[in-house]
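Down below is the structure, laid out as structure tokens.
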Amino acid sequence: MAVMLPTTEHALLRRVATEQSTGRAPSLVAAVIRDGELAWWGARGEVAGARPDTGTLYRIGSITKSLVAVVVLRLRDEGRLALSDPLDTHVPGTAFGELTIAQLLSHTGGLTSESPGSWWERSPGGDWDDLNGDLGREELKHRPGRRFHYSNVGYGVLGELVARLRGTSWLDSVRTEVLAPLGMHRTTDRPTGAHAQGFAVHPFADVVLPEPAHDAGAMAPAGQLWSCVDDLAAFTAFVGGDTGEVLHPDTVAEMREAAMIDDSGPWSAGYGLGLQLARVHGTRLAGHTGSMPGFLATTMTDPATGTGALALANATGGVGILSLVADLVATADEQEPRLPAEWRPAPVPDGLLELTGLWHWGPAPHHLRVLPNGWLDLRPAAGAGRASRFRPLDGDRWLGLDGYYSGETLTVHRNTDGTARYLDLATFIFTRTPYDPAVPVPGGVDDGGWRG
């Protein structure tokens, strides 16, 4: 485990202690993750008469959804499905087969939030046929794609999708494809060994009431799993980009992209593909919160710094667990800010150095640089504007990775002697001099040229 400064550790523990005390949690355990490993952990309260440790299991609720989403993205990367596929393509026979896989992942399909009947989180669950039989057209609460509407049911449906495409249960797929490769060996659908009992805390007295923990059946992909600090530390690092062989880092970055945000004001919450997004004090975090009767859980990572944090509590409410986790990330980064990476000379692939320097989009000057990994970076010479990085495709073609030009192609056109003549980026022509008349500028260049 990495070591943090004593002053940082005390500040982190004090924040946890304050939350456990004011939130009246029977127990609360939290951790900070850096460089892909546990950097600090602390706990307050008791589980079965002892302080919880990094192996004590708690229910993690909707963090389960993120693990299911990872399997769905693996299926996409394998070519088994497309995110634009309607559900009917893979799970025919539902009343909402037009919803796409992406809409289910991002809670934008308009599907009802809870399954019909008794509240699923406190009731034993039935199988897929039972769930599907209860879901009619009336369970579409909004026009598909119109808005974000959190849907536990949607992840029950995705669990069935995984089961059909893998030929095994969603749980076995998650175990084999995500938990085992990440070393999350304690994460399970039912608790074994040291685990916390879930409690409701009375609002007006310091007494507790045990909460039930049923098997949710077909709704289990929405929130069934139990986990611990050690295991969730690995998943927190995964969300930050330490993905191992489970998913390509580009795919995890795609999961972190905002598919929808809360537009009721300056955005503070959003959702990607199986991951929640939060903006706290100007910092953009990605991960997921979780709650089940008797339990609260959160894991969040700042992709910009690589610092993540998690917290687990055995209380139905009272603990501001997302705020706690965001504060742990902020404390770690404020008290122990990362040093910039050392600059070192880097080789430039053949032919790229001559592409660098000044280019003009019309009269606007831009700088083109070669990055240490051999990618290109194009941005305005001064001030804000459209900027993007590009990775090589083939020959003189490059793919835009971010910003306005994400997904667009940059093509280098050359003179007969092989020197770069102009750049064509999504029909925008970049020239070495402003509006060079010698290249095919769209609309042409006035024959009179520049004038005073």
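The values are calculated or read from the model by the stated rules, or taken from the named source; none is laboratory data. Being a predicted model, the structure only gives us computed values, none of them experimental. When we count neighbours, we look across all protein chains shown, and the Cβ atoms used for this are built from the backbone with ideal geometry, even at glycine. When the accessible area is computed, the model is the full protein with side chains, heavy atoms only, and any ligands, DNA or RNA have been set aside. Shrake-Rupley method; radii C 1.70, N 1.55, O 1.52, S 1.80 Å.
Brief remarks follow.
- Rg of the Cα atoms in the stretch 254-298, relative to 2.2 N^0.38 Å, amounts to 1.22.
- Count Lys and Arg as plus one, Asp and Glu as minus one, and take only other residues whose Cβ is under 10 Å from that of Arg389; the net charge is then +1.
- 17 Å tail of the calculated P(r), the stretch 87-131, as % of Cα pairs: 44 percent
- For the stretch 251-349, the ratio of Cα radius of gyration to the globular rule of thumb 2.2 N^0.38 Å stands at 1.28.
- Taking only the C-alpha atoms of the chain, Rg followed by Dmax gives 25.6, 88 Å.
- Under-5 Å amide H pairs with Thr307, H placed in peptide plane, nonlocal only: Asp302
- Adding -39500 (n - 2.57) for every DSSP H run of four residues or longer, then dividing by how many residues the chain holds, sets the calculated 222 nm ellipticity at -6500 deg cm²/dmol.
- Proximity of backbone amide H atoms, modeled 1.01 Å from N, is registered between His195 and Leu57 at under 5 Å, excluding neighbours fewer than 5 places apart on the same chain.
- Around the amide H of Asp436, modelled in the peptide plane, lies no amide H under 5 Å away from a residue 5 or more places distant or on another chain.
- The phi torsions of the stretch 412-418, fed into the Karplus equation with coefficients 6.51, -1.76 and 1.60 and a -60° offset, translate into couplings of 8, 9, 10, 6, 5, 8, x Hz, rounded to whole numbers, with Gly and Pro shown as x.
- Panel values: the stretch 180-288, Kirkwood radius from alpha carbon pairs, Stokes-Einstein at 37 °C and 0.692 mPa s, translational diffusion coefficient 197 µm²/s.
- Along its principal axes, the stretch 376-431 has C-alpha extents of 35, 24, 18 angstrom, given from the largest down.
- Whether the stretch 1-120 is rounded, prolate or oblate, judged on the alpha carbon gyration tensor where a/c under 1.5 counts as rounded: prolate
- Classification of the stretch 231-307 by its C-alpha gyration tensor yields an oblate form. The axis ratio a/c (a ≥ b ≥ c) is 1.5 or more, and b/c is at least a/b.
- Gain on full stretching of the segment that runs from Ala200 to Thr22 - 0.36 nm per residue minus C-alpha separation: 62.6 nm
- Counting only heavy atoms of the protein chains and using a 1.4 Å probe, His142 has close to 40 Å² of accessible surface.
- J(HN,Hα) series, the stretch 123-135, from Karplus relation 6.51 cos²θ - 1.76 cosθ + 1.60, nearest Hz, glycine and proline x: 10, x, x, x, 8, 4, 4, 5, 5, 4, x, 8, 9
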